[in-house]
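The values are calculated or read from the model by the stated rules, or taken from the named source; none is laboratory data. Values in this document were obtained by computation on a predicted structure and should not be read as measured data. Methodologically, a virtual Cβ is constructed for each residue, glycine included, from the backbone with ideal geometry; neighbour enumeration extends over all protein chains shown. Remember, those area values only see protein heavy atoms, side chains included, never the ligands or the DNA or RNA. Shrake-Rupley method; radii C 1.70, N 1.55, O 1.52, S 1.80 Å.
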Amino acid sequence: MAVEQTPAQTGAQSRIHNIGYRSYDGQRLGRAYARRSLYSQSLRGAYGLGRSAKSKVLPMLLFAVMCAPALIMVAVTVATKAHKLPVEYTNYAIIMQGLIGLYVASQAPQAVSRDLRFKTVPLYFSRPIETADYVRAKYAAMTSALFIITAVPLVVLYVGALLAKLDFTDQTKGFLQGLVSVALLSLLFAGIGLVISAVTPRRGFGIAAVIAVLTISYGAVSTLQAIADAQGTTGAVPWIGLFSPITLIDGVQTAFLGATSSYPGGAGPGTGEGVLFLLAVLGLIAGCYGLLMRRYRKVGL
């Protein structure tokens, strides 16, 4: 038969154990540190650093392929003692835009789709980090990754030009113009890639959607420009270039950076038209940032 214990007997058997909990009195690094950490982690992830060996293959391969033509051009220029590089600094990214688009398609979904799929975004926001911090860190990391893959080949060309003893002033001017061009390209492509990738948690869908947007828009615009040029309506060629990201960048650098246009017949926009191209690029960048902010205000809620 069970014997019921009185409250006094129960209290007599109670124990208070000191398990060592104490308040944290160290330095609190805050939002800025969290934002920098997220940026650094995302930038490293864009090249597979800190991830599995399999994750490093594609970004590193694309980086090597982006640099290989620049190395070949430098070798040819030095060996033949040519008086100029085979390609302008501002045109290198235009020529290699297919690889750049493939890099964006492979890495933008990796940057954001995984967080959506595994529902880790609410965990980020449970710490001292806000929506703007997350979006800025991801956008800055993707832009930096793109700038690296597009600017390093220009550095290779510039160093090779100096080794070939080409004119220092001309090469420096062209190199700086090329850096401005790829900086704009990086901002634009990063924004487009992240916006598309943030729509779906499925990484495969994100990759296909980014490739489709960049490839189809460029193919359609190039085809229409070729038709307009063949029919003699060259005045329409620059305006058609407003409807594709890479042709937008081409138009801006043609108007303001002294680049040779890759449009059919070389009919790039003038300075007046170039203002609209520049406003379109800046508007798209701002629009992508705004869409990302709107998207992540509702994520996980």
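Side notes on the structure shown:
- Among all residues of the range 269-278, there is at least one that is under 25 Å from Met142 (Cβ atoms) and either modelled with pLDDT of 95 or more or touching a helix residue (DSSP H, G or I) at 6+ places or on another chain (Cβ under 9 Å) (or both).
- Of all residue pairs spaced 6 or more apart or on separate chains, those with beta-carbon atoms under 7 Å, a first member in the range 196-219 that is touching a residue at least 60 places away in the same chain (Cβ under 8 Å) and a second member that is in a loop (DSSP other than H, G, I, E, B) and of a type in the set (S, T, N, Q) are Gly206/Thr200; Tyr218/Ser244.
- Single residue of the range 108-130 satisfying the filter (among the small types (Gly, Ala, Ser) and surrounded by 18 or more Cβ atoms within 10 Å (Cβ to Cβ)) that is modelled with the highest pLDDT: Ala108
- Pro59 meets all of the listed conditions (1) farther than 21 Å from Lys165 by Cα; (2) without any contact (Cβ under 8 Å) to a residue 24 or more places away in the chain; (3) of a type outside the set (Phe, Trp, Tyr) but one, namely (2).
- Taking the criterion of being under 17 Å from the mean Cα position of the chain (by Cα) and hydroxyl-bearing (Ser, Thr, Tyr), the residues of the range 142-180 that qualify are Thr143, Ser144, Thr150.
- Those residues of the range 223-243 which are under 23 Å from the mean Cα position of the chain (by Cα) and over 30 Å from Asp170 (Cα atoms), in sequence order: Phe243
- Inter-residue pairs, beta-carbon under 7 Å, first farther than 23 Å from Tyr103 by Cα and at pLDDT 75 or above and in the range 19-47, second of a type in the set (A, V, I, L, M) and open to solvent by less than 50 Å² (accessible area, probe 1.4 Å), 6+ apart: Arg31/Ile129; Ala34/Ile129; Arg35/Ile129; Arg35/Ala137
- Index of the failed condition, Val76 passing every other in (1) assigned to a helix (DSSP H, G or I); (2) more than 19 Å from Val135 (Cα to Cα); (3) open to solvent by 20 Å² or more (accessible area, probe 1.4 Å); (4) in contact (Cβ under 8 Å) with a residue 12 or more places away in the chain: (4)
- All conditions but one from (1) open to solvent by 40 Å² or more (accessible area, probe 1.4 Å); (2) closer than 29 Å to Gln41 by Cα apply to Ala151; the one that does not is (1).
- Inter-residue pairs, beta-carbon under 6 Å, first closer than 21 Å to Leu123 by Cα and open to solvent by less than 60 Å² (accessible area, probe 1.4 Å) and in the range 282-299, second assigned to a helix (DSSP H, G or I) and at pLDDT below 90, 6+ apart: Tyr296/Thr131; Val299/Val121
- Check on Tyr158, open to solvent by 70 Å² or more (accessible area, probe 1.4 Å) and either more than 22 Å from Lys81 (Cβ to Cβ) or in a helix (DSSP H, G or I) (or both): no
- The set of residues from the range 95-107 being open to solvent by 20 Å² or more (accessible area, probe 1.4 Å) and outside any loop (DSSP other than H, G, I, E, B) comprises Ile95, Gln97, Gly98, Leu99, Leu102.
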